[in-house]
1. List the trypsin sites (Lys or Arg not before Pro) in region 399-502 that DSSP assigns to loop (not H, G, I, E or B) and whose Cβ has at most 13 other Cβ atoms within 10 Å. Which are they?
2. Cα convex hull of the chain: mean projected area in nm², to one decimal?
3. Once fully extended, how much extra length lies between Ala257 and Ser245, figured as 0.36 nm per residue of separation less the alpha-carbon to alpha-carbon distance?
4. Can you pull the percent of Cα pairs in region 72-146 with separation above 19 Å?
5. Considering only protein heavy atoms and a probe of 1.4 Å, how much of the accessible area of region 266-424 is carbon and sulfur, as a whole percent?
6. Run through the DSSP bridge list for the chain and note the antiparallel percent, rounded to the nearest 5.
7. With labels modelled as points extended 7 Å from the Cα through the Cβ direction, what inter-label distance (nm, one decimal) is found for Lys58 paired with Ser227?
8. With every protein chain left in place, what is the accessible area per residue of region 56-129 in square angstrom, probe 1.4 Å?
Amino acid sequence: MQTQTIVLIIIAFIIALIVALFQYLHKAKNKRKNLFFAFLRFLSVFVLLLLLINPTFKQKKYYTEKPKLVVAVDNSLSIKHLGQDQAITQFIEKIQENDALHDRFEVVYYSFSSALNDSLHFSFDQKQTNISKALDDLNQIYKNAIAPVVLVTDGNQTYGKDYQFSTIGYKQGVFPIISGDTTAVMDTKIQQLNVNRYAYLKNKFPVEVILTYSGNGTVSTRFEVTSGNNTVYSQPISFSENNNSEVVNFTLPASRAGVVQYLAKLVPLDNEKNVINNTKAFAVEVIDQKTNVLLISDIVHPDLGVIKKSVESNERRSIEIIRPSDANNVDLDAYQLIIIYQPNTRFRNFYEKLNTLKKNHFTIAGSKTDWFFLNKIQNKYSQEITRQTEYYIPRFNANYGTFLLDNIGFENYPPLTGTFGETKFNANYDPLLYRTIGNIETDDPLLVTLEQDGTREAVLFGEGLWRWRAQNYISSKNFEDFDNFFGKLVQYLASNKRKSRLNTISESFYYGNTSIKIKAEYFTKNYEFDRRGSLRITIKNKNTDATQTIPMLLKNNAYEVDLSSIPAGNYEYTVSVIGENIARSGSFSILEYNVEQQYLNADVTKLKLLATNTKGKPYYLNQTDSLMKDLNEDQRYQTIQKSKENVVSLIDWKYLLAIVILLLTIEWFARKYNGLI
């Protein structure tokens, strides 16, 4: 108890004594009777003051804390594939039955695959392994404790940071238990296959395949790619002990639209142990991007021919040129993009129809443009009317962000002819090209893109595109750069995804080793994201006709469902909103692939390096006794005696309060009995 508390108790004693003596014995006639009342008042005041002082004292307790021993077991499919599942189960049972180990350590068990779980439920069916993440999580959990890690794994990691380097400086000692065959065997496999997810119809798409071989001697085999029952590519392959890898590059034709599935196969060698890693499925979504463009012009100009050639340089695009007087007889819904060349008053009826249909369009202005009419017929931009022309040299905006575009050397292109004067904008715009007049660089845009109310638009404030295409040919002996630039602009403007209250986000196909998630966006009638919706998805397997309905969960600004657990196959899905007559459908495929079955051996080299980095020691599954003996004798892990100091109240305030009430009650009744009240 502190000295200050003792002093306060003495003062409380004196105060209580003075109060009692002053009230009952000072000038009292019957001092013997009042002595009893003074005693009661003294006790009640003293106890009340003790209640306010609340005297405390420090209590120190001693206890021992055993070091923790973390046993983390790999629960991935590669363990079962290597035939180590039973051996690992027996290893864990020996750990659990060893009393000496449990007397020295507090043993904690975990399992891991793509994530760490505080459970020893072994299924050995997980399709991904991230050893580095499991060790990082354990390091965070036991950052303030002594907790060596017994890591039971084959060392084969499918994704994540390389644990042999990420564990340098790791706080806890790691004792890898190497699980799996360590004998090198002859094996050929498809190490990696690189291909784009998308291709355009009637084009060819590139494929790159990395093939590897482990073994002695020279062997010959064949690499094949099939689609259905047809072999679309084949090549003989030879390996040797020194030449143990081969990179195969080839192209395949995109001959039909939709998702096309392929199977790459490296023909297995005789007596090859693992043939699963000799095949790999992949798919490509072939897009039939047929774009119809309508060009309307009231004048004849060389630019019209250049635009037609650039648009039709891609065989998936076509263009039709008409006059404004013929626009009323044309169905604008048949075109994805309208190009308006130097509009004048004859375009009035067409503009009214265009605004009603909200079609994407590209306006090209020049010396023949009627700006009185154009300023009046639309309100997104306006041009100062000076009746003078100016030559504008293009300057590329490197910060243009609406879509990806490279500078094709615009600064070396001839100038365009446009109207002199200031241009004002009443809508958000993104400048793609700026105007340079002579040697003066201005911030006035020459080519801009705008997007408002779901409609995309581009405006070019100058004529003379034919000079640009000619300059491109002079510089590179082809028109490719200019045509690609114009094609990307057309592709952006021709895209017109209409707004919907319910949108689904999914891929056309997924690989079996990846996360399979489908998202949905649900909006109110004002097209504001609605978090109150109740969405569900119905999945149908096209092969078996089996269906299942799963609720979608709200995550950030989308509704989401994880379908990673469903098997490979072709599926249809429908996302619907409960209580609303709104639904969206789609389809996807899951390609069979299991990366965990691609391994033949335990990765002994990495596991030994892991033990070295963390000052641990590697063991094999048959060295259980040696592991437990070394852990029990390791002087780094000792039981620690710790103390804990608590501040404890000397007297419980409930009892003090009860005593005060009791003393005051006795005093009141005694005074009442003696006629003092």
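The values are calculated or read from the model by the stated rules, or taken from the named source; none is laboratory data. The structure displayed is predicted, hence computed values, not measured ones. Because the Cβ atoms are built from the backbone with ideal geometry, glycine has one as well, and the counts that use them run over all protein chains shown. Quick note on the areas: whole protein, heavy atoms, side chains included, nothing else; ligands and nucleic acids left out. Shrake-Rupley method; radii C 1.70, N 1.55, O 1.52, S 1.80 Å.
1. Here the trypsin sites (Lys or Arg not before Pro) that fit, given the DSSP loop and packing criteria, are Lys477, Lys497, Arg498, Lys499.
2. Value for the chain: 56.8 nm².
3. Between Ala257 and Ser245, full extension yields an extra 0.9 nm.
4. Summing the P(r) tail past 19 Å for region 72-146 gives 41 percent.
5. Carbon and sulfur atoms account for 47 percent of the accessible area of region 266-424.
6. Around 70 percent of the beta bridges assigned by DSSP in the chain are antiparallel ones.
7. Each label point lies 7 Å from its Cα, and together they span 8.1 nm.
8. 51
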